[in-house]
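Everything below concerns the one structure shown next.
The values are calculated or read from the model by the stated rules, or taken from the named source; none is laboratory data. Bear in mind the structure is a predicted one, so any value in this text is a computation, not a measurement. Please note: Cβ atoms are built from the backbone with ideal geometry, for glycine as well, and neighbour counts cover all protein chains shown. Just the protein is used for accessible areas: all its heavy atoms, side chains included, with ligands, DNA and RNA removed. Shrake-Rupley method; radii C 1.70, N 1.55, O 1.52, S 1.80 Å.
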Amino acid sequence: MKALEIHNLKKTYANGVQALKGIDLEVSEGDFFALLGPNGAGKSTTIGIITSLVKKSGGKVFVYGYDLDTHSVDAKSLIGIVPQELNFSQFESCMEIVVNQGGFYGISRKLARERAEKYLRQLGLWEKRYDPSRTLSGGLKRRLMIARALIHEPKLLILDEPTAGVDVELRRSMWKFLRDLNNQGITIVLTTHYLEEAENLCKNIAIIDLGNIIENTSMKYLLGKLNTETFIFDLKIPLEKKLSLPDFILNVPDAMTIEVEIRRDQNLNELFDVFSREGIYINSMRNKHNRLEELFIRLLDKNNS
Amino acid sequence: MNRKVYLTAYNTIVIKEVGRFIRIWIQTILPPAISMTLYFVIFGNLIGPRIGQMSGFTYVEYIAPGLIMMSIINNSYANVVSSFFGAKFQRHIEEMLVAPIPNFVILGGYITGGIVRGVIVGIVVTIVALFFTKLHITHYMIVISIVIMTSILFSLGGLINGIFAKKFDDISIVPTFILTPLIYLGGVFYSIDLLPEFWQAVSKFNPILYMVNAFRYGLLGVSDINIVTAFTIITIFIIILFYFSLYLLNTGKGIKT
Ligand SMILES: Nc1ncnc2c1ncn2[C@@H]1O[C@H](COP(=O)(O)OP(=O)(O)OP(=O)(O)O)[C@@H](O)[C@H]1O
Ligand SMILES: [Mg+2]
């Protein structure tokens, strides 16, 4: 069963911007799916169409087999959405916001209150349940939107940059929370600019750029495709002469730093041998990007050239 | 099953809407009470006695129904326009748009919110009026139905204004340039019998004239116009605005990109 199927989805905004140029996407039931792409790629537009907030210009969307055009009530009941921008009333309390959202899905106030308690507790909002939402910190506002999205216990949870502006600790706990939901069988689609987050959480991935899907595969396969890695070496003493390392791709941004790209079939020992021979002393070393970031940048470069 | 879902959704919108204007009662309930007090003091007690009788009633008795109606009109309109525009502006309208609620339920919820505000303010203003004049109801059914129908009509008007509004200023354009003049020229303060024939004819194009007179008929038993005509005209307006609002919601005008 596909949790989400998108066929040839197109969107041209009123101002003429062609945000989606006919994308196809499939997300299986139980998947943890990352939709990645640079700013303005079309991620939120895609999510907006799936959640009935943006009118599509062409194409089809199916949610658990329900056509959004003809069976919108069934489709909508299955989706939970955490949008990129805050979209709750600034004057209502957390409790009101979450319980009312339940009401919009036809859930009785009694049941909605029980569920609200469960999710507000899990997300650390219970103490603040009667506070007006505008008084919450940025990170807690995002969590409030997660609680709200879960009130009708959706089978497909879509999160548009849920961890933007969230501190490291909250982000980690949010990851755990999402992973637990996924383990309970909820299909999750997530967008993020933290590639580490996608690498950590997601099983499958699509990269969208300029309104087109440029990669759609499993995280494992994608990372497997990466056959080089760049390391940065900080030196103890400045380089005096021009360095040459015939076997390696080399970049020297300044006299105290060397960047070296290393293929899979090479190893670091060879490199250190050369360093010792040349009298280069290394203070510290680190990865230039995380692995996914490297791939991501390459794919985008390729798409833009 | 759907009917139960829709009913719960409808109730939720009503709870949210009523909760909203009660929470800010100082901006929603209190002002009409104050302005009514001023109207009664100035037109009723100070100027009224010099005007003498109108259609066989003291002036303050004559204007009371019109003033109550004016509050109902203004408040049902204001409730929906500011709530709907606020929901658009803060984007929490999206909470409803993502949920499986058909547009007629959303429409019904907002209209009910407008009716409740209209009725509550109507009652408050009536209590104020009782300090200045006696009021008795001649035709109960007419009073109740005209209050409800007027609130529905102006809630719909407010909703349409809210849909088209792009900025906060836009929500006061219709009240300032259309509603207030129509109310003042709609026979709140005078009987149109006082007007020259030409202006009497012109006045009959003003829908508010029919509501004010129907309400006055319900209370005092006098009206400038035929009651059946009044109800027919109001009903036609409601039907037109209802379907127009529904059409706007269905096309996502002003709320979906
Ligand atoms: N309401 C709108 N009217 C006109 N153009 C829009 C509208 N919303 C988005 N766009 C344009 O559509 C394109 C895709 O925007 P979208 O918000 O989907 O990108 P995104 O991938 O979510 O980006 P980000 O990572 O910055 O959130 C952009 O060029 C954007 O400027
Ligand atoms: Mg976005």
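Please go through segment B:21-62 and give me each residue that is within 14 Å of chain A (Cβ to nearest Cβ) and touching a Ser or Thr at 6+ places or on another chain (Cβ under 6 Å), ordered by number. Hit for segment B:21-62 is B:F21, nothing else.
Taking the criterion of being surrounded by fewer than 24 Cβ atoms within 10 Å (Cβ to Cβ), under 23 Å from B:F244 (Cα atoms) and in contact with a His (Cβ under 9 Å, 6 or more places away or on another chain), would at least one residue in segment B:70-87 satisfy it? Yes, some residue in segment B:70-87 is surrounded by fewer than 24 Cβ atoms within 10 Å (Cβ to Cβ), under 23 Å from B:F244 (Cα atoms) and in contact with a His (Cβ under 9 Å, 6 or more places away or on another chain).
Flag: A:A19 matches the condition of being within 16 Å of ligand 2 (Cβ to nearest atom), assigned by TED's automatic domain parsing to the domain that holds A:L144 and in a strand (DSSP E or B). Pairs under 6 Å by beta carbon, first residue without any contact (Cβ under 8 Å) to a residue 12 or more places away in the chain in segment B:193-208, partner open to solvent by less than 90 Å² (accessible area, probe 1.4 Å), six or more apart or different chains? As it stands, the answer is B:Q200/B:I192, since those pairs meet every condition given. Taking segment A:144-179, which residues are among the hydrophobic types (A, V, I, L, M, F, W, C) and either assigned to a loop (DSSP other than H, G, I, E, B) or within 16 Å of ligand 1 (Cβ to nearest atom) (or both)? Those that are among the hydrophobic types (A, V, I, L, M, F, W, C) and either assigned to a loop (DSSP other than H, G, I, E, B) or within 16 Å of ligand 1 (Cβ to nearest atom) (or both): A:M145, A:I151, A:I158, A:L159, A:A164, A:V166. Taking segment A:180-194 as the range and being more than 24 Å from A:G37 (Cβ to Cβ) and either of a type outside the set (D, E, K, R) or in a loop (DSSP other than H, G, I, E, B) (or both) as the test, the residues that pass are A:N183, A:Q184, A:G185.
Please tell me if A:I213 is within 16 Å of ligand 2 (Cβ to nearest atom), at pLDDT 85 or above, open to solvent by less than 10 Å² (accessible area, probe 1.4 Å) and among the aliphatic types (A, V, I, L, M).
no
Scan segment A:125-139 residue by residue and report those that are open to solvent by less than 50 Å² (accessible area, probe 1.4 Å) and touching a residue at least 40 places away in the same chain (Cβ under 8 Å). A:P132, A:S133, A:L136, listed by residue number.
With respect to (1) on the phi > 0 side of the Ramachandran plot; (2) within 16 Å of ligand 2 (Cβ to nearest atom); (3) hydroxyl-bearing (S, T, Y), the lone exception for A:T51 is condition (1).
Could you identify the single residue in B:I106, B:I101, B:I111 that is within 14 Å of chain A (Cβ to nearest Cβ), at pLDDT 95 or above and buried (at least 22 other Cβ atoms within 10 Å of the Cβ)?
B:I106
Against the numbered list (1) open to solvent by less than 30 Å² (accessible area, probe 1.4 Å); (2) within 16 Å of the chain's Cα centre (by Cα); (3) not β-branched (V, I, T), B:M96 comes up short only at (2).
From the list A:E199, A:E293, the lone residue that is assigned by TED's automatic domain parsing to the domain that holds A:A41 and touching a helix residue (DSSP H, G or I) at 6+ places or on another chain (Cβ under 6 Å) is A:E199. May I ask you to list the residues in segment A:97-128 that are aliphatic (A, V, I, L, M) and either in a helix (DSSP H, G or I) or more than 8 Å from chain B (Cβ to nearest Cβ) (or both)? Scanning segment A:97-128 gives A:I97, A:V98, A:V99, A:L111, A:A112, A:A116, A:L120, A:L123, A:L125.
Could you tell me whether B:T176 is of a type in the set (S, T, Y), within 14 Å of another protein chain (Cβ to nearest Cβ) and out of contact with any strand residue (DSSP E or B) (no Cβ under 9 Å at 6 or more places or on another chain)? Taking the combined requirement at face value, the residue does not satisfy it.
To keep it simple, each residue is scored yes or no on (1) within 14 Å of the chain's Cα centre (by Cα); (2) more than 14 Å from chain B (Cβ to nearest Cβ).
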{"site": "A:S28", "(1), (2)": "no, yes"}
{"site": "A:G37", "(1), (2)": "yes, yes"}
{"site": "A:L53", "(1), (2)": "no, no"}
{"site": "A:K60", "(1), (2)": "no, yes"}
{"site": "A:H71", "(1), (2)": "no, no"}
{"site": "A:K76", "(1), (2)": "no, no"}
{"site": "A:G80", "(1), (2)": "no, no"}
{"site": "A:Q84", "(1), (2)": "yes, no"}
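Screening A:A116 with (1) open to solvent by less than 70 Å² (accessible area, probe 1.4 Å); (2) within 16 Å of ligand 2 (Cβ to nearest atom) gives one miss only, at (2).
Tallying residues that are within 16 Å of ligand 2 (Cβ to nearest atom) and either more than 24 Å from B:N250 (Cβ to Cβ) or away from chain B (no Cβ under 14 Å) (or both) within segment A:1-16 yields 1. Working only within segment A:142-188, note down all residues that are within 16 Å of ligand 2 (Cβ to nearest atom) and open to solvent by 10 Å² or more (accessible area, probe 1.4 Å). Answer for segment A:142-188, where residues must be within 16 Å of ligand 2 (Cβ to nearest atom) and open to solvent by 10 Å² or more (accessible area, probe 1.4 Å): A:R142, A:E161, A:A164, A:G165.
For the structure I just gave you, tell me whether B:I63 is modelled with pLDDT of 95 or more and part of a helix (DSSP H, G or I). The answer is no for B:I63. Looking at the structure I just gave you, is A:A41 at pLDDT below 95 and either closer than 19 Å to A:P162 by Cβ or part of a strand (DSSP E or B) (or both)? In short, yes.
All conditions but one from (1) assigned to a helix (DSSP H, G or I); (2) touching a residue at least 24 places away in the same chain (Cβ under 8 Å); (3) among the small types (G, A, S) apply to A:S276; the one that does not is (2). With the condition kept exactly as written, say whether any residue in segment B:147-167 is of a type outside the set (K, R), buried (at least 18 other Cβ atoms within 10 Å of the Cβ) and outside any helix (DSSP H, G or I). Taking every residue of segment B:147-167 in turn, at least one turns out to be of a type outside the set (K, R), buried (at least 18 other Cβ atoms within 10 Å of the Cβ) and outside any helix (DSSP H, G or I).
Condition check ((1) open to solvent by 20 Å² or more (accessible area, probe 1.4 Å); (2) among the hydroxyl-bearing types (S, T, Y)) across all residues:
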residue: B:R117; (1), (2): no, no
residue: B:K134; (1), (2): yes, no
residue: B:I142; (1), (2): yes, no
residue: B:S145; (1), (2): yes, yes
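Going by the conditions given, is A:G42 under 21 Å from A:I79 (Cα atoms), within 12 Å of ligand 1 (Cβ to nearest atom) and within 11 Å of another protein chain (Cβ to nearest Cβ)? It is false that A:G42 is under 21 Å from A:I79 (Cα atoms), within 12 Å of ligand 1 (Cβ to nearest atom) and within 11 Å of another protein chain (Cβ to nearest Cβ). Of the conditions (1) farther than 30 Å from A:N39 by Cα; (2) open to solvent by 40 Å² or more (accessible area, probe 1.4 Å); (3) not in a strand (DSSP E or B), A:L250 fails just one. Which one is it? Among (1) farther than 30 Å from A:N39 by Cα; (2) open to solvent by 40 Å² or more (accessible area, probe 1.4 Å); (3) not in a strand (DSSP E or B), A:L250 violates only (3). Filtered by the rule that a residue be open to solvent by less than 50 Å² (accessible area, probe 1.4 Å), outside any strand (DSSP E or B) and without any contact (Cβ under 8 Å) to a residue 40 or more places away in the chain, segment A:46-96 gives A:G48, A:S52, A:L53, A:L68, A:S72, A:V73, A:A75, A:K76, A:M95.
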